[in-house]
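What follows is a set of notes on a single structure, which appears directly below.
The values are calculated or read from the model by the stated rules, or taken from the named source; none is laboratory data. Model, not experiment: these values are computed from the prediction. In this analysis, Cβ positions are derived from the backbone assuming ideal geometry, glycine residues included, and neighbour counts consider all displayed protein chains. Surface areas here come from the heavy atoms of the whole protein model, side chains and all, with no ligands, DNA or RNA. Shrake-Rupley method; radii C 1.70, N 1.55, O 1.52, S 1.80 Å.
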Amino acid sequence: MLDHLIKGATVVDGTGAPSYTADVGIRHGRIAVVAPPGTVTEEAGTSEDATGLVLAPGFVDPHTHYDAQLFWDPYATPSLNHGVTTVAGGNCGFTLAPLHPGRPADADYTRRMMSKVEGMSLVALEEGAPWSWSSFGEYLDALEGRIAVNAGFMVGHCALRRYVMGEDAVGGQPTPAQMDEMLALFHEAMEAGAWGLSTTQSATHSDGDGKPVASRHARPAELLALSRAVAAHEGTQIEAIVAGCLDQFSDEEIELLVAMSAEAGRPLNWNVLTIDAAVPERVPRQLIPSERAREAGGRIVALTMPILTPMNMSLGTFCALNLIPGWGEILGLPVPERIAKLRDPGVRAEMLRAAESKEAGVFRRLAHFGRYVIGDTYSTANEGLTGRVVQDIAAERGQEPFACLIEICANDRLRTVLWPMPTDNDPASWALRAETWQHEDVLLGGSDAGAHLDRMCGAPYTTRFLGDCLRGRKLVGLEQAVKMLTDDPAQLFGLRERGRVEEGWHADLVLFDPERIDAGKATLVHDLPGDSPRLNSRAIGINAVWVNGVETIREDVVTGAVTGTVLRSGRDTRTVSTK
């Protein structure tokens, strides 16, 4: 007997093949039958008519930070609402495990680091997770049986270093004995099911004390030793971030990434490839590592987002503006001193120079202050400004746009919410994106879901992309778009029997209305532990989502089922060899 029968759906199976109409039956967590409409004779416990609706594999998000959120939100909202049934976590070198059992303060250090570097609520981290584990395997066990999505996790290089080296992890180099201990700890984590290594060398990643995070102090020999360890385990890989990910790689970074992938004999993915027709030299430069890796026996995959993710800014709290060279020192001052500095014309001139410099890299995109839209305001002086564009206000007041923006924010004691309008929303940039997506080493993803919670909401990229493909720019056909969200990331990670609508495969499925599928506007809600805020977005046109054969979402509402699996390397992933 079937558990559920979906009748008359338009099946887009994830392979890129043409869609077809079929009845799809689910039994014991698997796709039991895919047959022409009306030909299934086996009884079903429940059924539904899906005429006119698309049935696709559950979407796979290759870059999330749900490591902590899954403890207080097993549904990984809003990703699950938007059809994501499998998430990859433990990215960018940051994980909650392993934690040294003899140093309870390490958990506090980790929470403060995650709050700073990934924009997670410190209160939510303190109150929402049990912090009951030491080893990486114990962390995975703590999630097992209590999550609604399938989730796999890399091991964060920062946690490995901290466990072995303690406070010396920041600024120090491991002794030979410590390197051996780090490798043993890493092997133990992968034996327990970790997907491999994640690491960061990015200049934007600092801990709760404002110091470069631990993995930024690692030298190439350490990174290559860890990469070789990855090769000893089935179904593993590497995720790495370097400074050049934000703009253009240096020659040294290219050599390092290529060597890491080649030493491991595993794919290495990085985040995120920014595509902008105003910087035509960026994409070719960023794909050089992929070309070199194939020559050296490795594979390097660039993640890129298929939508423009709006990000809110503020001069009062840590955000991307702090990452512009020289800005962090000013924006880190106490509010009264910060306002005084920002009102100084000489200081503003220097800040503008830095924001427009080559050293600012991709953050140069944030320097067009006249294009900012004013969000929430908090003073009578700013009444009526919400929703208005700064350049219009500045013109009315006879001010330079940046000076105008500073004055508005100062009136709110820097609490003003700012929305920068994207500079790369032009036809040429979208044409370049469509072209770049066809590259064999470019993969859609980079949502950062679970991180930067009150600043951005990348989780709905799946529904927004499909809506754009069906009713907007139509840069990609439906079958190819679904493949890019399902089978392509599943193949990169070597997921076993996931990512396609195929008999015998796991029943991770999403049913949606092609006439309506989309994502709602990101809105600020206070539903984290401690009433902390985050941006959320409702899913439009998603009828239902199944994870391992059980309905977890119906009409954008979670059902309460927690049938997700902690995906462990080897058992749930096969080796994707580059040799």
Problem - Near-label residues of segment 36-64 by backbone N, under 14 Å of a point 7 Å along Cα→Cβ of E503 - result: 36-37, 39-42
Exercise for the section: State the extension gain, in nm to one decimal, for the chain segment bounded by W72 and D209, taking 0.36 nm per residue of separation less the distance between their alpha-carbons. Expected result: 46.7 nm
Exercise for the section: Please compute the net charge surrounding A278, taking Lys and Arg as +1 and Asp and Glu as -1 over other residues with Cβ under 12 Å from its Cβ. Expected result: -1
Exercise for the section: Quick one: net charge around S577, please, counting Lys, Arg +1 and Asp, Glu -1 for every other residue with C-beta under 14 Å from its C-beta. Expected result: +3
Fill in the blank from the handout: Summing -39500 (n - 2.57) over every DSSP H run of at least 4 in the chain, dividing by its residue total and rounding to the nearest 500, the 222 nm mean residue ellipticity is -8500 deg cm²/dmol
Fill in the blank from the handout: For K474, counting only lysines whose alpha-carbon sits under 16 Å away and dropping same-chain residues fewer than eight positions off, the answer is K483
Practice task
Tell me the label-point distance for the pair D376, R112, using the 7 Å Cα-to-Cβ offset, in nm and rounded to one decimal.
Solution key: 2.7 nm
Handout entry: Along principal axes, Cα extents of segment 317-426, largest first, whole Å
Key = 39, 37, 25
Completion exercise
Taking alpha-carbon centroids only, segment 106-142 lies from segment 212-291 a number of Å equal to 26 Å
Problem - Residue-by-residue Karplus 3J(HN,Hα) for segment 279-289, coefficients 6.51, -1.76, 1.60, Hz, glycine and proline x - result: 10, x, 7, 5, 4, x, 5, 6, 9, 4, x
Completion exercise
Pseudo-spin-label distance E350 to R388, built 7 Å along Cα→Cβ, given in nm, is 3.1 nm
Practice task
At 1.4 Å probe size, with no ligands or nucleic acids counted, give the accessible surface of K483 in Å², nearest ten.
Solution key: 50 Å²
Exercise for the section: For every other residue with a beta carbon closer than 14 angstrom to the beta carbon of L143, add +1 if it is Lys or Arg and -1 if Asp or Glu, then tell me the sum. Expected result: -4
Exercise for the section: About the Cα centre of the chain, how large is the charge dipole given +1 on each Lys and Arg Cβ and -1 on each Asp and Glu Cβ? Please answer in debye to the nearest 20. Expected result: 780 debye
